[in-house]
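Let me begin by presenting the structure, written as structure tokens, before commenting on it.
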Amino acid sequence: MLNRRFMLAVAAAAALVSSPASAQVEIQWWHAMTGANNEVVVKLAEEFNASQREFRVVPTYKGSYPDTMNAGIAAFRAGNAPHILQVFEVGTATMMAARGAIKPVYQLMSEANEPFDPQAYLPAVAGYYSTSRGEMLSFPFNSSSSVMWYNKDAFRRAGLNPDQPPRTWPDVFEAAKKLRAAGYDKCGFSSAWITWLNIEQFSLWHNVPLSTRANGIDGFDTELRFNSPLHVRHLQNLVELQRDNTFSYSGRTNTGEGRFTSGECPIMLTSSGFYGNVRANAKFEWANAAMPYYPDVAGAPQNSTLGGASLWVMGGRPAAEYRGVARFFTFLSDVDRQAKLHTDSGYLPITRAAYAKVKASGFYVQNPYLETPLLELTNKEPTENSRGLRLGNMVQLRDVWAEEIEAALAGQKPAQAALDAAVARGNTMLRQFERTVTR
Amino acid sequence: MEKRVVFDGKLLPYMLLLPQLAVTLVFFYWPAGQAVWQSFLIQDAFGLSTEFVWLENYSDLLSKPEYYKSMVTTAIFSALVACLSLSLSLFLAIQADKQIRGTGAYKAFLMWPYAVAPAIAGVLWLFMFQPSLGLIAQALRSLGFDWNPLLNGNHAMTLVVMAATWKQISYNFLFFLAGLQSIPKSVIEAAAIDGAGPMRRFWTIIFPLLSPTTFFLLVVNIVYVFFDTFGIIDATTSGGPAKATETLVYKVYSDGRLGGDLGGSAAQSVILMIMVIGLTAIQFRYVERKVQY
């Protein structure tokens, strides 16, 4: 036993010495992907490593999204940052503000002479991770958007047409009331990520400002604006429907998504990334549709924005290593690879060409659920209000907003007062963020 | 003749103390000093820009009504958890101290929860009381009680108090049981012969003789609810709904780790440290006088 192990170790050591692998430049990639998504990451790294001999990408799982981001920040402070750090979309402003800590992707690509055309990327995707001058700072990796999932069996039971999902908010409320009457009395409809769906996406989808300065994209001196009459009306509707569980609150994150797959909530607004979970666990016929909107709002629906994460390149590394990172990004942008990644994993394709290729293949005829978020993202040319959003301290901002929404839903505060407080408290946090990053 | 050993030289005693001193300095005083230093700074998450701001973090903090709300929440939470866990575990220890069949198994089961990590304890309770999945929550709902810790602050508080109490009962139980077993049986029997009933025997003999244990546990329990409960809160309610379960230590965690506000978070932990030092000092100064050793 021991002997065989020893022999194996010797063989491994010999292989290390003799193979040219020892001369390879290592690229550290810290990520937050678990389960099937982790396999996607590992497979991508393996394929890249097999495609050339100069560089070796080493992916490392670092825990949840906040854990991974904190690990990257701590490693940077200790002078030991990875080359590539996967950061969730709400960390975007924090990363962008850390000018000394990151290497902008557009710079990286031009210095390494890799072909790179920002126009090749879907505008809604590229815009989210670019400066107001159109310089792409991070590399989009796994992108999703939010959609409305619904239970077709429940719709039939309530006498609703399962092939015509409600398109507007008033229609959703009507459908939920019918579903409630048909036995879904604990939950007519619900929403995961309460602030992402009902404040952030809601604002973009209705082409109303979430905050000034193009939702923070044009500057850190942005001020929140989501206490408008439209926002108040929406929250007020939710508050009223919560009383008899026609709407039922499911918490701040996506932990309430299980209420859809278990059949408790027949309508659930959440990420398009819910796809894998629904496919695996829902024991009923299901579908998804675009997010609802208020039909009296001019220009609605506009376009939605991204969730998910992008890859940030950390600063302070030698040029030789950056060449490897740039090569890896070119590898990731390849049309066929993007198309396959999209159809295998359910992530959105990030380039126009990949989207066009999948569309031409007829894939969406059988799998319309994967196209819904793309249609939302590309619904119209983005406006100042819908290019994306970029607010500092976003993780905590969402908590503060959720607290106020919870207070309104619990009947402790009127909707207007809750949103006013959410805006005021959020602005204080934005000013503090502005202060720490602009010095 | 008595023979005394005299160590001369000053070096040896210090050498012998050194490991303990080093551990205390490195693991307690150094981080505490770092926290105090950090609390005077405003810094971005990456540490790229640092500004020394004297006491601004403190004045910011003390001007926010949320901070006082969090103090009140902490006071309610710690009073509930300390009272409940002490009284329940004393009750259980008295029962386990009786001559009954299967005491051994009974004791072992009562000690188990102490081996469970706080976050896991939180998740266990969440599974029972989560409105749509939890068994007990579904039972409550079918009885017509609208149990909803996602929106009702009192329900959420009940949930974290239950989880935090349950987690601490084993520890208290162990100490109370040991304390009870060290009370001489003869004293209790003498009182019984003199005609004192069980209640009277408890309040006049057992409780006073148990007071050193109770006092020690009170101090330990207060420290526990102040510092060790954030795992439970994070796993069950994340401080919600609407800050109903946001205690001071959870706020330190969420502001520092989720919010990246290291200065403000450090200021909070310094205040928390002072509060616990103060509380412990008060306990030793005033409560200890009533303790009969």
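Descriptive notes on the structure:
- Entirely in region B:112-210, the helices (runs of 4 or more DSSP H) that have 3 or more residues that are within 13 Å of chain A (Cβ to nearest Cβ): B:118-129, B:135-142, B:153-181
- Within region B:89-109, the presence of a residue that is within 14 Å of chain A (Cβ to nearest Cβ) and modelled with pLDDT of 85 or more is excluded.
- Single condition A:MET69 does not satisfy, out of (1) within 14 Å of another protein chain (Cβ to nearest Cβ); (2) surrounded by 17 or more Cβ atoms within 10 Å (Cβ to Cβ); (3) hydrophobic (A, V, I, L, M, F, W, C); (4) more than 22 Å from the chain's Cα centre (by Cα): (4)
- Which listed residue is at pLDDT below 85 and within 14 Å of another protein chain (Cβ to nearest Cβ), from A:ARG77, A:ARG99, A:ARG133: A:ARG99
- Some residue of region A:152-174 being among the hydroxyl-bearing types (Ser, Thr, Tyr) and crowded, with 22+ Cβ neighbours inside 10 Å: no
- Close pairs from region A:104-116: first within 17 Å of A:ASP334 (Cα to Cα), partner of a type in the set (Val, Ile, Thr) and surrounded by fewer than 17 Cβ atoms within 10 Å (Cβ to Cβ), Cβ under 7 Å, at least 6 apart: A:GLU114/A:THR330; A:PRO115/A:THR330
- Pair list, Cβ < 6 Å and 6+ apart or interchain, from region B:130-144 residues that are touching a residue at least 12 places away in the same chain (Cβ under 8 Å) and at positive phi to residues that are among the basic types (Lys, Arg) and assigned to a helix (DSSP H, G or I): none
- Number of residues in region B:222-264 that are within 11 Å of another protein chain (Cβ to nearest Cβ) and under 12 Å from the mean Cα position of the chain (by Cα) equals 0.
- Residue that is nearest to the other protein chains (Cβ to nearest Cβ) [pool: residues in region B:38-75 that are under 26 Å from the mean Cα position of the chain (by Cα) and among the aliphatic types (A, V, I, L, M)]: B:LEU61
- Among the residues listed as A:ALA124, A:ALA154, A:ALA176, the single one being assigned to a helix (DSSP H, G or I) and at pLDDT below 90: A:ALA124
- Conditions (1) surrounded by 19 or more Cβ atoms within 10 Å (Cβ to Cβ); (2) within 14 Å of chain B (Cβ to nearest Cβ); (3) of a type in the set (Ser, Thr, Tyr): number failed by A:TYR369: (2)
- Selected residue (criterion: farthest from the other protein chains (Cβ to nearest Cβ)) from residues of region A:34-66 that are within 20 Å of B:ASP255 (Cα to Cα) and touching a residue at least 60 places away in the same chain (Cβ under 8 Å): A:TYR65
- Selection within region B:250-283 - in contact (Cβ under 8 Å) with a residue 60 or more places away in the chain and surrounded by fewer than 22 Cβ atoms within 10 Å (Cβ to Cβ): B:VAL270, B:ILE271, B:MET273, B:THR280, B:GLN283
- The single condition from (1) buried (at least 19 other Cβ atoms within 10 Å of the Cβ); (2) modelled with pLDDT of 80 or more that B:PRO131 fails is (2).
- When A:ASN385, A:ASN393, A:ASN379 are checked against the criterion of being more than 20 Å from A:PHE220 (Cα to Cα) and either hydrophobic (A, V, I, L, M, F, W, C) or touching a residue at least 40 places away in the same chain (Cβ under 8 Å) (or both), a single residue qualifies: A:ASN379.
- Residue list for region A:93-139, restricted to those being of a type in the set (Lys, Arg) and buried (at least 17 other Cβ atoms within 10 Å of the Cβ): A:LYS103
- Given (1) buried (at least 24 other Cβ atoms within 10 Å of the Cβ); (2) polar (S, T, N, Q); (3) touching an Asp or Glu at 6+ places or on another chain (Cβ under 9 Å); (4) assigned to a helix (DSSP H, G or I), number of the condition A:SER203 does not satisfy: (3)
- Meets criteria (outside any strand (DSSP E or B), within 14 Å of chain A (Cβ to nearest Cβ) and either more than 28 Å from the chain's Cα centre (by Cα) or under 30 Å from A:GLY79 (Cα atoms) (or both)) for B:ALA35: no
Conditions tested, residue by residue: (1) more than 14 Å from chain B (Cβ to nearest Cβ); (2) under 26 Å from A:PHE433 (Cβ atoms); (3) of a type in the set (S, T, N, Q).
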residue	(1), (2), (3)
A:TRP196	yes, yes, no
A:GLN201	yes, yes, yes
A:ASP218	yes, yes, no
A:GLU223	yes, yes, no
A:TYR249	no, no, no
A:THR261	no, no, yes
A:GLY276	yes, no, no
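- If you check A:GLY392, A:GLY411 for being under 17 Å from the mean Cα position of the chain (by Cα), small (Gly, Ala, Ser) and within 14 Å of chain B (Cβ to nearest Cβ), only one passes: A:GLY392.
- Any hit, region A:363-374, residues being farther than 30 Å from A:TYR249 by Cα, part of a helix (DSSP H, G or I), hydroxyl-bearing (Ser, Thr, Tyr) and modelled with pLDDT of 90 or more: yes
The values are calculated or read from the model by the stated rules, or taken from the named source; none is laboratory data. Computed from a predicted model, the values in this text were never measured in an experiment. Note that each Cβ is placed from the backbone with ideal geometry, even for glycine, and that neighbours are counted across all protein chains shown.
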